[in-house]
Structures are given as structure tokens and as C-alpha cells.
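Student: Pasting a structure here, questions to come.
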Amino acid sequence: AVDYIVRWRLFGGRFLRFARTHFLHTVVVILPLLRPLRIVPLYDAIQHRQGEPRLTLHARVIAYASLSTLLLGFAGALAVYQQERGAPGATMKTFGDAVWWAAETISTVGYGDITPVTTGGRAIAMGMMAGGLALLGAVTGSFSSWLLQIFSSESDKRPPGS
């Protein structure tokens, strides 16, 4: 929060304009659990070090989706463990159980061996299911688009009639 306030004061503008232009920092101050997302601008700066991005758009989408999946899984495991810890009838006894549950929920496997029993835990589960499907769709779509682009460029290189 102190870093955020210092950046705002050095910005010299109004707070709402600062919050809009520094959206990621604003989100991190409100939700400290998302602090690892602060690496995203650094990653972009490294990628554009020589003007051109080092990774293609498809690779960046896959990299961002992978990082988002890890963060969603870790945040979901922490949140659901907090909700389920000590609840009557809970099958989630340890943080390791919560991580296992998060992995199977995000990957849409859902073995059913560990399930949330509290209302808060079930709400978190619904969010993780939706997030897991969205991230899976983004990676699948980007990968499919990349394959189509490769196959299309290969067919353009062939001489006519072959």
C-alpha cells in the first residue's frame, strides 16, 4: 500500500486517473493475494526489449494462461482451505488436500474424493470451475489458431498443382 501511495504521489495526477492507468497495482492493493501478478509488466518489458516481442501472440497467450492457472489454483486452494478448515463433515483436512482439490477442479477432472461442504467453499468452487474452463478454452483456442496458421503458411509455400 505504501508503494502504491508513493507511485500515486509521484504520478502527480488525480487519483481516479492514476487508478485507471495503473489498474494492476490497484487490484493488487485491494486483493494482496494477487501480488504475483505484478510481474506481468516486467515480463512485457523484457519481451519488448528490442522493440519486437520475443514470443508470438499465441505463445504469450499460452504463457499468460499458464501463469493465471497457477495463480488461480493457489489462490483457490488457500481460499477454500480457509473456508473448509474445521467445518463439520469436511473432507478437506490439510492444505495439501486443498491443493489437490484445486488441481482437479481447474482441470475439470473432479474425482469427487474431496468436496467443499460450506457455502463459501462451494462458491469458490463455482468460480474456479468457470475460471478453469475459461483458461482451458483460451489455451485450446490459441493453440488451434497457431496450428491453422502453420498449416496455412505451409500450403501457401507449395507450388501450384502439387
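Student: In segment 70-162, if every C-alpha pair distance is counted and binned at 10 Å from zero, what percent goes to each bin?
Tutor: Per 10 Å bin, starting at zero, the Cα-Cα P(r) for segment 70-162 comes out as 16, 38, 16, 11, 10, 6, 2, 0 percent.
Student: Right, here's the next one. Output wanted: per-residue J couplings in Hz (rounded whole) for segment 102-113, from phi through Karplus 6.51 cos²θ - 1.76 cosθ + 1.60, θ = phi - 60°, x for Gly and Pro.
Tutor: In residue order, the calculated couplings are 4, 5, 6, 6, 5, 7, 6, 7, x, 4, x, 6 Hz.
Student: Here's another thing I want to ask about it. His22's amide H: which non-local residues (gap 5+, or another chain) put their own amide H closer than 5 Å, with H modeled 1.01 Å from N in plane and none for Pro or chain starts?
Tutor: For His22, no residues qualify.
Student: For segment 90-96, just list the computed ³J(HN,Hα) in residue order, Karplus coefficients 6.51, -1.76 and 1.60, θ = phi - 60°, integers in Hz, with x standing in for Gly and Pro.
Tutor: Coupling constants for segment 90-96: 6, 8, 9, 9, 10, 5, x Hz.
Student: Calculated from DSSP H runs of 4 or more alone, at -39500 (n - 2.57) each and per residue, what is the 222 nm mean residue ellipticity of the chain, nearest 500? Display every interim value, and only then the final one.
Tutor: Numbers: 7 runs with 113 residues, N = 162.
About -23000 deg cm²/dmol.
Student: Next question. For semi-axes √(5λ) of the Cα gyration tensor in Å, pick the label among [x] 35, 29, 11; [y] 33, 24, 17; [z] 22, 17, 16 that corresponds to the value derived from the coordinates.
Tutor: Only one option fits the structure, namely [x].
Student: Ordering Trp146, Trp8 by how much accessible area each has at a 1.4 Å probe, largest first, what is the list?
Tutor: Working: Trp146 100, Trp8 70 Å².
Per-residue accessible area, sorted high to low, gives Trp146, Trp8.
Student: With a point put 7 Å past each Cα toward its Cβ, work out how far Thr26 is from Phe74 in nm, to one decimal.
Tutor: 2.5 nm
Student: In terms of modelled amide H atoms, which long-range or inter-chain residues lie less than 5 Å from the amide H of Gly110?
Tutor: Thr105
Student: Here is a further query. Can you sort Tyr111, Tyr81, Tyr64 by 1.4 Å-probe accessible area, starting with the largest? Walk me through the numbers before you get to the answer.
Tutor: Numbers: Tyr111 150, Tyr81 50, Tyr64 70 Å².
Solvent-accessible surface, decreasing: Tyr111, Tyr64, Tyr81.
The values are calculated or read from the model by the stated rules, or taken from the named source; none is laboratory data. For clarity, every value in this text was computed on a predicted model and none was experimentally measured. A quick note on method: Cβ atoms are made from the backbone with ideal geometry, for glycine too, and the neighbour counts reach across all protein chains shown. Only protein heavy atoms, including side chains, enter the accessible area calculation; ligands, DNA and RNA are left aside. Shrake-Rupley method; radii C 1.70, N 1.55, O 1.52, S 1.80 Å.
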